[in-house]
Amino acid sequence: MDASLFQSRHEAFIQQAETSLRRLTPAATARPARLHGAMRYSLEAGGKRLRPVLCLASAAAFDAQADASHAATALECIHTYSLIHDDLPCMDNSDLRRGRPSCHKAHDEATALLAGDALQPLAFELLATGYASNPSLATALVRELAVTAGSTLLVGGQTEDMGGLAAGATDDRLEFILLGKTAAMLSTSFAMGAMVGGASAADVEHFRRAGRASGIAFQLVDDLLDLTADAAQLGKPVGADAQNGKFTFAGLHGVEATKQRIEALTAEAIGHLQATKGDTPFLAELVRRMSARRT
Ligand code: GRG
């Protein structure tokens, strides 16, 4: 796809994601303002908006002119809650997120915990109300996101990640963490978009698999950048994974094997997209760029 066409479509999807987020979530001044202010603080902190963009673009790849705004916003709510909780002192204990003080630093720990808590039911409320006119779609979306955010994937991946290298560096544990912490939410972003777009069950499954492969590649690139980039280029300290006893594919298998796996996963993801009836050149280009990023 032509670079300038990609750029303009990407910007339009980001714009749509930002507008929906502002329109569909409570104002910072809504009572209790302390809570809603903290939720808005983290939701509006920027970020790449990768999950809502994938969802909006996946819906647009199919014929149905359905509005994926509620699904896209629900995904960003779950993602943002996971970042808020991940930064808490009892987890990763990180003072910075998206270039500014993390939620518990800008507010306080209890408020940050509650802001993350409140973002979770908000996601499901958005799906239930946004797709109320199509109950089977609403139910399928709620189930999809609930499974992904739950104990076997997002929370499960975070749980198995606790303890880092010291808890045992096996490939089986690593794959569980890669899928749960990173790939599951990206996979579900593709799948929910395809569902809203009216894709067939077979095409939704291809999208889910494309998201899983590109999601694992996305995390492997992250690990590789931590090993090989310089801090100025990355905009954050490098070598942090090894220093913090983190357990990564690149740390376990080396840079060359990681690069080869990223390439294979990217090809696998694009293959799944191309196997569908959807209009997928934009998504294929996004998947390529997710693997080729340098920051
Ligand atoms: C607390 C249940 C719970 C889960 C936390 C998100 C997470 C799981 C941990 C954060 C650390 C990490 C490296 C997770 C892998 C997923 C990931 C790459 C998150 C960052 O996503 P980006 O780069 O972030 O899309 P932005 O800020 O651009 O939205």
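Among the lysines, which fall within straight-line cross-link reach of Lys246, defined as a Cα-Cα distance under 26 Å, with same-chain neighbours fewer than 8 residues apart omitted?
Lys48, Lys105, Lys181, Lys236, Lys259
What order, most packed first, do the peptides 83-89, 171-177 have when packing is the mean number of other Cβ atoms within 10 Å of each residue?
Packing order, densest peptide first, comes out as 83-89, 171-177.
Modelled label-to-label distance, Asp2 and Ala275, 7 Å Cα→beta-carbon offset: nm?
With each label point 7 Å from Cα toward Cβ, the separation is 3.2 nm.
Amide H of Arg97: which non-local residues (sequence gap of 5 or more, or other chain) have their own amide H closer than 5 Å, using H built in the peptide plane?
When sequence neighbours closer than 5 places are left aside, the close amide H contacts are Ser102.
When you count, for each residue, the other Cβ atoms within 10 Å and take the mean per peptide, how do 259-265, 164-170, 279-285, 189-195 rank with the highest first?
189-195, 279-285, 259-265, 164-170
Sort 141-149, 14-22 by packing, meaning the average of other beta carbons within 10 Å per residue, with the highest value first.
141-149, 14-22
Put a dot 7 Å past each Cα toward the Cβ at Arg98 and Glu44; how far apart are the dots in nm?
About 1.1 nm separates the two model spin labels.
Helix-derived [θ] at 222 nm for the chain: sum -39500 (n - 2.57) over DSSP H runs of at least 4, divide by residue count, nearest 500?
Taken over the chain, the calculation gives -22000 deg cm²/dmol.
What is the spin-label model distance, in nm, from Ser133 to Asn244 if the labels are put 7 Å beyond Cα along the C-beta direction?
For Ser133 paired with Asn244, the spin-label model returns 4.4 nm.
At 0.36 nm per residue, and after removing the present C-alpha to C-alpha distance, how many nm does the segment from Ala64 to Arg34 gain when stretched out fully?
Value of the extension gain: 6.8 nm.
When a footprinting reagent is the concern and you count Cβ atoms within 10 Å, what order do Arg23, Arg288 take, fewest first?
Arranged by neighbour count, lowest to highest, Arg23, Arg288 become Arg23, Arg288.
Over the chain, how many percent of alpha carbon pairs lie in each 5 Å bin up to the one with the longest distance?
Binned Cα distances yield the sequence 1, 6, 12, 16, 19, 18, 14, 9, 4, 1, 0.
Please arrange Arg289, Arg34, Arg209, Arg49 by counting, for each residue, the other beta carbons lying within 10 Å of its beta carbon, fewest first.
Starting with the residue having the fewest Cβ neighbours, the order is Arg289, Arg34, Arg209, Arg49.
Where a number appears in this text, it was derived from the coordinates with a stated rule and is not lab data. Treat the numbers as computed from the prediction; the structure is a model and nothing was measured. No Cβ is skipped: glycine too gets one built from the backbone with ideal geometry, and neighbour counts run over all protein chains shown.
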